[in-house]
1. Select from the stretch 69-90 the residues that are free of Cβ contacts under 8 Å to residues at least 12 places away in the same chain and among the charged types (D, E, K, R) and list them in ascending order.
2. Take the residues in the stretch 33-46 that are more than 12 Å from GLY137 (Cβ to Cβ) and in contact (Cβ under 8 Å) with a residue 40 or more places away in the chain; name whichever of them is nearest to the chain's Cα centre (by Cα).
3. Within the group GLN91, GLN24, GLN80, which residue is of a type outside the set (Phe, Trp, Tyr) and modelled with pLDDT under 95?
4. Which condition does ASN107 not pass, out of (1) of a type in the set (S, T, N, Q); (2) loosely packed, with under 10 Cβ neighbours inside 10 Å; (3) out of contact with any strand residue (DSSP E or B) (no Cβ under 8 Å at 6 or more places or on another chain), if it passes all the others?
5. Restricting to the stretch 119-142, and then to whatever is of a type in the set (Lys, Arg) and closer than 28 Å to ASP42 by Cα, can you tell me which residue is modelled with the highest pLDDT?
6. Give the number of residues within the stretch 100-131 that are closer than 23 Å to GLN21 by Cβ, of a type outside the set (Lys, Arg) and touching a residue at least 40 places away in the same chain (Cβ under 8 Å).
7. Tell me which residues, restricted to the stretch 103-144, are closer than 15 Å to ALA78 by Cβ and not in a strand (DSSP E or B).
8. Can you tell me which residue within the stretch 31-87, out of those that are of a type in the set (D, E, K, R) and assigned to a loop (DSSP other than H, G, I, E, B), is surrounded by the fewest Cβ atoms within 10 Å (Cβ to Cβ)?
Amino acid sequence: MALNGGRGPYLLVAAICQRAQQDQYGSFSLINLLEHLVAGSDDPNAPEQMPPFRLDANLVVMFASGDTVGERMVTIVAEQPDGERLPPVSQRIVLRGNDQRSTIVSNLSLDIAQTGVYWFDVYLDDDLVTRIPLRIGWERGPRQPWMDLIR
């Protein structure tokens, strides 16, 4: 996506992953992209509703500057499946022109208590650039019908 009348900056990456790392040459690796996460239990006594858990991951946003030079503000706003928006998190980036890359790797630590789609809105200054979805599901393992007879 190009902003500023097609002169940049350009969104290169917006993703949630298990881990992001940068090597000594400046290249990034995104390990285990997360787009659909299913929590579960094969315990026959597992609750019907998903118990809350903490998700620890990385959220990565990367821009190529295009012709744009200067500081900009990247803001991430998480929205839970019930529509509640969490407080925004912001970080300043520096765009240096000549299509140089500016990358944010943010530690994402989120208490998950609902199933459904969590949205992460990415803003550059006041412009919504993209939305990152993360679907959370809950599955209980197969229940043996005869287990109900043993009590």
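The values are calculated or read from the model by the stated rules, or taken from the named source; none is laboratory data. Please read all numbers here as calculations on a predicted model, not as lab measurements. All Cβ positions, glycine included, derive from the backbone under ideal geometry; neighbour counts span all protein chains shown.
1. Within the stretch 69-90, GLU84, ARG85 qualify.
2. Just the residues of the stretch 33-46 that are more than 12 Å from GLY137 (Cβ to Cβ), to begin with: 33-34, 41-46.
Next, from what is left, pick out any that are in contact (Cβ under 8 Å) with a residue 40 or more places away in the chain: 34, 41-44, 46.
On the way: LEU34: 7, SER41: 24, ASP42: 27, ASP43: 29, PRO44: 31, ALA46: 28 Å.
Once the filter is applied, the top-ranked residue is LEU34.
3. So the residue among GLN91, GLN24, GLN80 that is of a type outside the set (Phe, Trp, Tyr) and modelled with pLDDT under 95 is GLN24.
4. (3)
5. The extreme case among them is ARG135.
6. Result for the stretch 100-131: 12.
7. Correct list: ALA113, GLN114.
8. To start, the set of residues in the stretch 31-87 that are of a type in the set (D, E, K, R) comprises 35, 42-43, 48, 54, 56, 67, 71-72, 79, 82, 84-85.
Among the residues that remain, those that are also assigned to a loop (DSSP other than H, G, I, E, B) are: 35, 42-43, 48, 67, 82, 84.
Working: GLU35: 11, ASP42: 10, ASP43: 9, GLU48: 6, ASP67: 14, ASP82: 8, GLU84: 9.
If we take residues in the stretch 31-87 being of a type in the set (D, E, K, R) and assigned to a loop (DSSP other than H, G, I, E, B), then GLU48 is surrounded by the fewest Cβ atoms within 10 Å (Cβ to Cβ).
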